[in-house]
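The values are calculated or read from the model by the stated rules, or taken from the named source; none is laboratory data. Just so it is clear, the model here is predicted, and its values are computed rather than measured. Neighbour counts are summed over all protein chains in view; Cβ atoms, including those assigned to glycine, are modelled from backbone coordinates with ideal geometry. Please note that ligands, DNA and RNA were not included when accessible areas were found on the heavy atoms of the full protein model with its side chains. Shrake-Rupley method; radii C 1.70, N 1.55, O 1.52, S 1.80 Å.
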Amino acid sequence: MSTIFKAFVASVVIAPLLFSTLLFSQISVAADAIPATTEQALHQQWQALLSQHVKPINNGNSSAVDYAAMQLQRTQLQSYLKQLSNISQTQFDAWDKSTQLAMLINAYNAWTVELILTKYPDIESIKDLGGFFSSPWDKSFIPLLGKTRSLNDIEHKLIRGSDRYNDPRIHFAVNCASIGCPALLEEAYTGAKLEQQLDAQTKRFLADSSRNYAKGDTVYLSAIFKWYGDDFTQGFAGADSVEAFLLLYPNALTLNGAQQDAANKQQLDIDFLDYNWSLNAIR
């Protein structure tokens, strides 16, 4: 076989193999980059809506929503919700826990806004969307991860009931469209920033003296700590009681030395404040 013919055979056989190897390598690199870019793109529309229509109030410790402006961009909100609905359980399970939890928090908050918009402006409270024997949180209207779910399903089954996350700070991230709720964050949650966002939201809520404050030997807390008290006893950051959890954030709650000592000995009295279910709309 001549040298020229051998070279020709090699070019015919080997070149396609080299091209295929190179192409496969490029696809693999691209695939490795998908999770980060997907998360950013996934929450982009929600991020835009939040940054435009959620405003800090009460010295920045809470926020109010411009539902009228949200109503004008409801198509954009629904486009975002459709993106969430298109995520399969398999895709979701392949994400890390922070990315999963960020998506679930965003889903809860965005579908809550959508629920409000179904009746806005003829609504004074999210409770108006329920009936005498029904709760707005039990309405099954959310197509998510292959099933039709309720807001309670997202919070109590997917987040709290899954045993994947075990983070009580989620109570300061999910927003029930009420004045008594912790602030709706002015940006979308993301896996990359989740730890920072949850920590900041917790401090923000505890610093809101209309919801939580200490006076003398008593600390007056939001009813959230009563309804979900057990969540604060599961060992998060070593905390095995509500008092121990509060001691993780003494400056936010402005606990003095005596109050911190009483909390450490579980001798701090706790009273729970009434919850304000009025709509968290810009007034």
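Is region 210-228 home to any residue that is over 30 Å from D122 (Cβ atoms), free of Cβ contacts under 8 Å to residues at least 40 places away in the same chain and over 22 Å from the mean Cα position of the chain (by Cα)? Before the answer, list the steps.
Going through region 210-228, the residues over 30 Å from D122 (Cβ atoms) turn out to be 212-221, 225-226, 228.
When the remaining residues are screened for being free of Cβ contacts under 8 Å to residues at least 40 places away in the same chain, the result is 215-216.
Checking the rest, the ones that are also over 22 Å from the mean Cα position of the chain (by Cα) come to 215-216.
Scanning region 210-228, I find at least one residue that is over 30 Å from D122 (Cβ atoms), free of Cβ contacts under 8 Å to residues at least 40 places away in the same chain and over 22 Å from the mean Cα position of the chain (by Cα), so the answer is yes.
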Are there any pairs, at least 6 apart or on different chains, whose C-beta atoms fall under 7 Å, with the first in region 115-129 and at negative phi and the second assigned to a helix (DSSP H, G or I) and aromatic (F, W, Y), and if so, which?
-> I116/Y67; L117/Y67; Y120/Y67
Selection status of F141, within 13 Å of A107 (Cα to Cα) and either modelled with pLDDT under 95 or aromatic (F, W, Y) (or both) | yes
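Results for (1) farther than 17 Å from T38 by Cα; (2) hydrophobic (A, V, I, L, M, F, W, C), shown as yes or no for each residue.
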{"position": "L49", "(1), (2)": "yes, yes"}
{"position": "V54", "(1), (2)": "yes, yes"}
{"position": "I57", "(1), (2)": "yes, yes"}
{"position": "V65", "(1), (2)": "yes, yes"}
{"position": "R74", "(1), (2)": "yes, no"}
{"position": "S79", "(1), (2)": "no, no"}
{"position": "N106", "(1), (2)": "no, no"}
{"position": "T112", "(1), (2)": "yes, no"}
{"position": "G131", "(1), (2)": "yes, no"}
When you look at F205, is it buried (at least 16 other Cβ atoms within 10 Å of the Cβ) and within 14 Å of N61 (Cα to Cα), yes or no?
-> yes
Selection count where residues are in a helix (DSSP H, G or I) and without any contact (Cβ under 8 Å) to a residue 24 or more places away in the chain, scope region 138-158 | 5
Only one of (1) surrounded by fewer than 22 Cβ atoms within 10 Å (Cβ to Cβ); (2) closer than 30 Å to Q260 by Cα fails for C181. Which number is that?
-> (1)
Residues (within 17 Å of G60 (Cβ to Cβ) and not aliphatic (A, V, I, L, M)) located in region 171-202 | F172, N175, C181, P182, E186, E187, Q196, Q197, D199, Q201, T202
Any chance you could count how many residues in region 184-202 are open to solvent by less than 40 Å² (accessible area, probe 1.4 Å), part of a helix (DSSP H, G or I) and either aromatic (F, W, Y) or farther than 23 Å from D230 by Cβ (or both)?
-> 1
